[in-house]
Amino acid sequence: MISLSASNSARSGKRLLIDMPEDLAVRIEDLSITYKINVDTKKTLKNAVMRASKGEKVRMRTVEAVKHMNLDIPHGTVLGIVGANGAGKSTLMRSIAGILPPTEGRITVNGKISTLLALGVGFNPALSGRDNIILGGLASGLTKDQIEAKTEEIARFADLPDGFIDMPVRTYSSGMYGRVAFAVAVAMTPDILLLDEALSAGDAAFKEKSFLRMRELVKEARTIVIVSHALQTVKDLCTHAIWMHKGEILAAGEPGAITEKYLEFLKVGTLPSNDEDF
């Protein structure tokens, strides 16, 4: 047996342990991600030239998005990540996906990853939804024949209005973008699926279909990591959860207990409406 363990600092010695089966999908070791942002109030060429002429430097701020995190995610885990905006959730997901390199530490991934971290990322707006399905499949490592065999299934799942699947995606609403992007992500039968607020795409009927598809993936023992402000989704779908705050993991454990701690922290109580929007 190994443990799904979560901590923020290898130096602090703090580790939060949850008994889990062996066979890791993701191992995160002493991960830190730091980046700099321009804090100038007026980011214009004129302002930059004036600063340069005066010998002034651009004012930069260092952001510690993730701080010395340790996290083991065994295969078959459905992990929910909750926390306020700016907690480092999306940064962590992008690093697991290999999009954002660690500043310090290491991430080891064992398996094929499919990601949906932002609606329509990677879509070519000039191409049709059908063509973008093929591009998405090729980007996920499928052969042309394999993705073409899945194209009609994906199109049916997206369930766009008549004719839209063959229209340029620049004509799509954000909801239609979300439908196609989600359909592509979950059709690849990945070992590890990373979703950042993806279950909020589409209308109520599509959300229900998405939730049922997630249930199917869970039954197949897929590893899924979900970032979501919809706490009811985390409680209903996830087997474990972590609560991030300012780049650190404050708690890890059973989803109901973690979402309760998070709500107490926000001092918003446990009204039913809270389950859908924090």
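The values are calculated or read from the model by the stated rules, or taken from the named source; none is laboratory data. Worth saying up front: this structure is predicted, and the values here are computed from it rather than measured. Positions of Cβ are generated from backbone atoms using ideal geometry, with glycine treated the same way; all protein chains shown enter the neighbour counts.
When we screen Glu216, Glu248, Glu260, Glu220 for residues that are charged (D, E, K, R), closer than 24 Å to Thr108 by Cβ and free of Cβ contacts under 8 Å to residues at least 40 places away in the same chain, the only hit is Glu220. Every listed requirement among (1) closer than 27 Å to Glu197 by Cα; (2) modelled with pLDDT under 90; (3) of a type in the set (S, T, N, Q); (4) outside any strand (DSSP E or B) is met by Thr62 save one, (4).
The single condition among (1) more than 14 Å from Ala84 (Cβ to Cβ); (2) at pLDDT below 95 that Asn274 does not satisfy is (1). Summed over segment 136-156, the residues that are under 23 Å from Phe206 (Cα atoms), within 22 Å of the chain's Cα centre (by Cα) and among the hydrophobic types (A, V, I, L, M, F, W, C) give a count of 1. The condition (being modelled with pLDDT under 95, part of a helix (DSSP H, G or I) and either within 25 Å of Asn70 (Cα to Cα) or among the hydrophobic types (A, V, I, L, M, F, W, C) (or both)) is satisfied by just one residue among Leu263, Leu250: Leu263.
Quick grid of which residues meet (1) among the polar types (S, T, N, Q); (2) part of a helix (DSSP H, G or I); (3) modelled with pLDDT of 90 or more:
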| position | (1), (2), (3) |
| --- | --- |
| Ile18 | no, no, no |
| Ser32 | yes, no, yes |
| Lys46 | no, yes, no |
| Val58 | no, no, no |
| His68 | no, no, yes |
| Ile73 | no, no, yes |
| Leu79 | no, no, yes |
| Thr91 | yes, yes, yes |
| Thr108 | yes, no, yes |
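Residues in segment 229-247 that are surrounded by 20 or more Cβ atoms within 10 Å (Cβ to Cβ) and in a loop (DSSP other than H, G, I, E, B): Ala230, Cys238, Gly247. Might you check whether a residue that is surrounded by fewer than 21 Cβ atoms within 10 Å (Cβ to Cβ), touching a residue at least 40 places away in the same chain (Cβ under 8 Å) and within 27 Å of Gly83 (Cβ to Cβ) occurs anywhere in segment 170-178? Yes, because at least one residue in segment 170-178 is surrounded by fewer than 21 Cβ atoms within 10 Å (Cβ to Cβ), touching a residue at least 40 places away in the same chain (Cβ under 8 Å) and within 27 Å of Gly83 (Cβ to Cβ).
Among the criteria (1) surrounded by 14 or more Cβ atoms within 10 Å (Cβ to Cβ); (2) at pLDDT below 90, the one Val121 does not fulfil is (1).
I'd like to check something: does segment 108-123 contain any residue that is in contact with a helix residue (DSSP H, G or I) (Cβ under 9 Å, 6 or more places away or on another chain) and over 30 Å from Lys67 (Cα atoms)? Yes, that holds for at least one residue.
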